[in-house]
Amino acid sequence: MPNLEDDHEIGCPYCGTAFSVRVDNTAGSHQSFVIDCENCCRPIEVEAVTESDGYVSLIAKREGEG
Ligand SMILES: [Zn+2]
């Protein structure tokens, strides 16, 4: 049973620091948002894709990149 809200680890695309972000699975199966890295404070564009089985994949990109 997947949780409605879950913490997922991503790696900062700028400095490589790994940290957790909270994804609200009720907000849609494909979300994107921008968070600031806890270490270098640069903006990270995060794409969260929820699969049909509830598994969430996160893609972290530099803001403004592809
Ligand atoms: Zn960083």
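The numbers here are math on the coordinates, done by the rules we state, and not lab data. Every value quoted in this text rests on a predicted model; they were computed, and no experiment measured them. As a convention, Cβ positions derive from the backbone with ideal geometry for all residues, glycine included, and neighbour counts pool all protein chains shown.
Listed by position, the strands (runs of 3 or more DSSP E) inside the chain whose residues that are more than 10 Å from the ligand (Cβ to nearest atom) and loosely packed, with under 12 Cβ neighbours inside 10 Å number at least 1 are 5-11, 18-24, 30-36, 56-62.
Selection over the stretch 17-66 of residues that are on the phi > 0 side of the Ramachandran plot and touching a Pro at 6+ places or on another chain (Cβ under 7 Å) gives a count of 1.
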